[in-house]
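I have placed the structure first, in the form of structure tokens, so that the comments after it can refer back to it.
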Amino acid sequence: MRLVINIHLQDIVLIDEDQNIKLHFPVSTAARGVGETQGSYCTPRGEHIIRAKIGAGLPLNSVFVRRRPTGEIYSPELGLEYPGRDWILTRILWLSGKETGFNRGYTRDSKREENRASESAEESSVSCDTMRRYIYIHGTPDEHFKQQPESHGCIRMRNADILTLFDLVPVYTPVTIAT
């Protein structure tokens, strides 16, 4: 079983062992497009896995901050109280990149490297690590969901959809994010 997220189509499909599409859902990826570097607010491309599943057993529309449930249940009224909040709701599938130097670990920044030849490798590189960037597949307020790029890098889904997907995929499920 594996997941494929298509940036162009703004969808996610669950593919079984026989390469059949089992489920298909709309998603919303990053408003800034695709990219792998820390601070870019872009959706990372390439091969990933689900490293952690967070929120099992919690109610629909449970609110998360820093991967922890706050005890709040999202409602439109709560949304009006905090209009600028980036809502992470219902469930979290935390992604980890599998491609070292592309979406895992660090990538060299050649311009900075030339200017700082005496610094350590980590200081002259830029993080491209999907997991360290806290890139998730997660729920978002249904009344604001649009199948178009609007996130800060994560893959947003309707709450019923992420609940269904969460229950079907185990940790370490492969995830491909393609343009």
Every residue from the range 57-72 that is surrounded by 15 or more Cβ atoms within 10 Å (Cβ to Cβ) and aliphatic (A, V, I, L, M): Leu58, Leu60, Val63
Unique residue being modelled with pLDDT under 95 and of a type in the set (Phe, Trp, Tyr) when the list is Tyr106, Tyr172, Tyr136, Tyr74: Tyr106
Strands (runs of 3 or more DSSP E) contained entirely in the range 1-74, each with at least 1 residues that are within 18 Å of Pro174 (Cα to Cα): 2-6, 11-15, 21-26, 46-54
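The values are calculated or read from the model by the stated rules, or taken from the named source; none is laboratory data. Computed from a predicted model, the values in this text were never measured in an experiment. We place every Cβ from the backbone using ideal geometry, glycine too, and count neighbours over all the protein chains shown.
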